[in-house]
Amino acid sequence: MTDQELLERAGEAKENAYAPYSKFQVGAALLTAGGDVFTGCNVENSSYGAAICAERAAVVQAVSSGCREFEAIAIASNGEDTVYPCGICRQVLHEFNPEIRIICQSPEGFETYLLSELMPKGF
Ligand SMILES: [Zn+2]
């Protein structure tokens, strides 16, 4: 699966976002070492702190299905700026692969990073 294809899966997942408060819809597509893709979207809540990001939703779905080896994650949003994972999601991804590739939707298409670039010293 190409980075572009994974980003398209993230874009599809974004359509399921529940974001009535921020209106910021995000989708994520997580590629496992075995070639499976798990997706997630952000799910907000009237108790704001109870919200979960798309990236963590995808990780939770994958781990719940027995997958823990991740190669890449793509992130798409309905915003105009490049979308990067938040600090909590970076830490959650670090737990499973400190070198996971992160594909971020950008105005030009996408930008690709290693998690170790975005968060060099995870917990
Ligand atoms: Zn997050």
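The values are calculated or read from the model by the stated rules, or taken from the named source; none is laboratory data. Please read all numbers here as calculations on a predicted model, not as lab measurements. Positions of Cβ are backbone-derived with ideal geometry, glycine not excepted, and every protein chain shown enters the neighbour counts.
Residues that are among the small types (Gly, Ala, Ser), part of a helix (DSSP H, G or I) and surrounded by 15 or more Cβ atoms within 10 Å (Cβ to Cβ): does the stretch 82-99 have at least one?
Step one: list which residues in the stretch 82-99 are among the small types (Gly, Ala, Ser), which gives 87.
Cutting the leftovers down to part of a helix (DSSP H, G or I) gives us 87.
Narrowing the set further to residues that are surrounded by 15 or more Cβ atoms within 10 Å (Cβ to Cβ) leaves none.
Among the residues of the stretch 82-99, not one is among the small types (Gly, Ala, Ser), part of a helix (DSSP H, G or I) and surrounded by 15 or more Cβ atoms within 10 Å (Cβ to Cβ), which makes the answer no.
In the stretch 28-68, what residues are more than 15 Å from LYS14 (Cβ to Cβ) and of a type in the set (Asp, Glu)?
The one that is more than 15 Å from LYS14 (Cβ to Cβ) and of a type in the set (Asp, Glu): ASP36.
Tell me whether the stretch 15-31 contains one or more residues that are surrounded by 16 or more Cβ atoms within 10 Å (Cβ to Cβ) and hydroxyl-bearing (Ser, Thr, Tyr).
no
Collect the residues in the stretch 47-67 that are exposed (fewer than 13 other Cβ atoms within 10 Å of the Cβ), touching a residue at least 24 places away in the same chain (Cβ under 8 Å) and not polar (S, T, N, Q), keeping them in residue-number order. Reasoning before the result, please.
Of the residues in the stretch 47-67, the ones exposed (fewer than 13 other Cβ atoms within 10 Å of the Cβ) are 47-50, 64-66.
Now restrict to residues that are touching a residue at least 24 places away in the same chain (Cβ under 8 Å): 48, 65.
Within the stretch 47-67, just TYR48 meets the criteria.
Results for (1) under 9 Å from the mean Cα position of the chain (by Cα); (2) closer than 23 Å to SER106 by Cβ; (3) at pLDDT 95 or above, shown as yes or no for each residue.
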| residue | (1), (2), (3) |
| --- | --- |
| ALA17 | no, yes, yes |
| PHE24 | no, yes, yes |
| ILE52 | no, no, yes |
| ALA62 | no, no, yes |
| ILE75 | yes, yes, yes |
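Is one or more of the residues making up the stretch 27-38 within 16 Å of the chain's Cα centre (by Cα), of a type in the set (Asp, Glu) and over 19 Å from THR2 (Cα atoms)?
No: zero hits.
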